[in-house]
Structure formats: C-alpha cells, structure tokens
C-alpha cells in the first residue's frame with residue numbers, strides 16, 4: 001500500500017525533490033533496530049552489523065533516481081567493504097521478492113537487497129520519497145539522511161565520513 005502511495009505521488013515527489021537541497025541532515029540518533037526478509041527469503045538484521053558502518057537505501061524498481069544510484073552504491077560497497085562497510089537496499093516495491101531479486105541481478109547489484117515492510121518504513125520515516133538513504137556510523141547512530149539522488153562523488157564522501 002505504501003509503495004502505491006509513493007508511486008501515485010511520484011509527480012509531486014519529483015517536484016519536491018527538485019526543490020530540496022542536495023541533502024537533509026537531522027540530529028544524530030540511534031539507528032532503529034529491524035529485521036526484514038531478503039529477496040532470498042532470509043532474515044536481515046541491522047544488529048548483525050554492530051560496530052560496522054552501514055548505508056541503508058530505500059528504493060524501488062520503478063524509481064528512475066533509484067536506478068541511477070544503484071551503480072554508485074555498488075561501487076562504494078566494493079571499494080569500502082574491506083573497511084567494514086555494509087550497504088543494504090530496502091525495496092518498497094509491491095512486487096514479489098523474486099521480481100525484485102531479478103531486477104537487482106539485472107542491475108549488477110551484489111549488495112544486500114531486502115524488502116522494506118511497514119514497520120521499518122515507520123521506524124526510519126516516515127519515508128515519503130525515494131530514494132532515501134541513511135548513513136549509520138560504527139556506534140550505531142544515524143549521522144546523515146539524504147532524500148533524493150546522490151551522485152557518486154558525494155556518496156563516496158559521505159561514506160568516507162563513516163569510516
């Protein structure tokens with residue numbers, strides 16, 4: 001239901017996105033714990049990555065800015081994985097997980113892909129626009145929230161701040 005709301009609001013989201021600054025910061029807060037199902041049907045828990053920097057990207061297969069950002073997320077995952085970085089893409093699609101998995105494979109994504117549920121959307125939100133990306137430091141604190149597309153250089157800089 002939430003994904004269809006986002007999809008039906010896409011023209012407004014695009015207009016609002018264009019009017020936003022390149023990022024929106026909020027006060028540092030502890031990242032809410034969650035458990036979601038990966039596109040393979042396994043549990044993905046934020047707690048499993050305690051002590052590691054994490055990037056969580058809320059996205060959808062039908063979202064053009066999300067598609068444009070996927071290669072950047074893949075690049076930083078590969079570049080900084082040796083330093084502990086974890087990238088997760090949480091899909092808001094109403095599609096079956098198998099369809100989202102197929103799409104991610106087509107995009108060449110190897111980072112963790114899971115299905116966002118209502119609970120995680122509420123914990124991190126409300127998430128009203130996608131992509132929305134959260135940057136979590138090694139202490140488990142959300143240090144940055146970005147609504148909208150992030151270019152590769154900016155994303156790389158934000159990740160370096162986490163490391």
**Asked** Once label points are set 7 Å from the Cα along Cα→Cβ at both residue 67 and residue 98, what is their separation, rounded to one decimal in nm?
**Response** 2.3
**Request:** Highest first, please rank the peptides 145-151, 155-161 by the mean number of other Cβ atoms sitting within 10 Å of their residues.
**Result:** 145-151, 155-161
**Prompt:** Which whole-number percentage describes the relative contact order of the stretch 58-143, with Cα contacts under 8 Å and a sequence gap of 6 or more?
**Reply:** 36
**the stretch 22-93: proportion of alpha-carbon pairs further apart than 20 angstrom, %** = 40
**Request:** With a cut-off of 17 Å, note down the residues of the stretch 28-43 whose backbone N falls inside the zone around a label point 7 Å from the Cα of residue 81 toward its beta carbon.
**Result:** 39-40
**Message:** How large is the translational diffusion coefficient of the stretch 14-163 in µm² per second when you combine the Kirkwood radius over alpha carbon pairs with Stokes-Einstein at 20 °C and 1.002 mPa s?
**Reply:** 141
**Prompt:** How would you order 78-88, 38-48 from highest to lowest mean count of nearby Cβ atoms within 10 Å?
**Reply:** 78-88, 38-48
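Readers should treat all values here as calculations from the given coordinates under stated rules, not as data from a laboratory. Not measured: the values here are computed from a predicted model. Cβ atoms come from the backbone with ideal geometry, glycine included; neighbour counts cover every protein chain shown.
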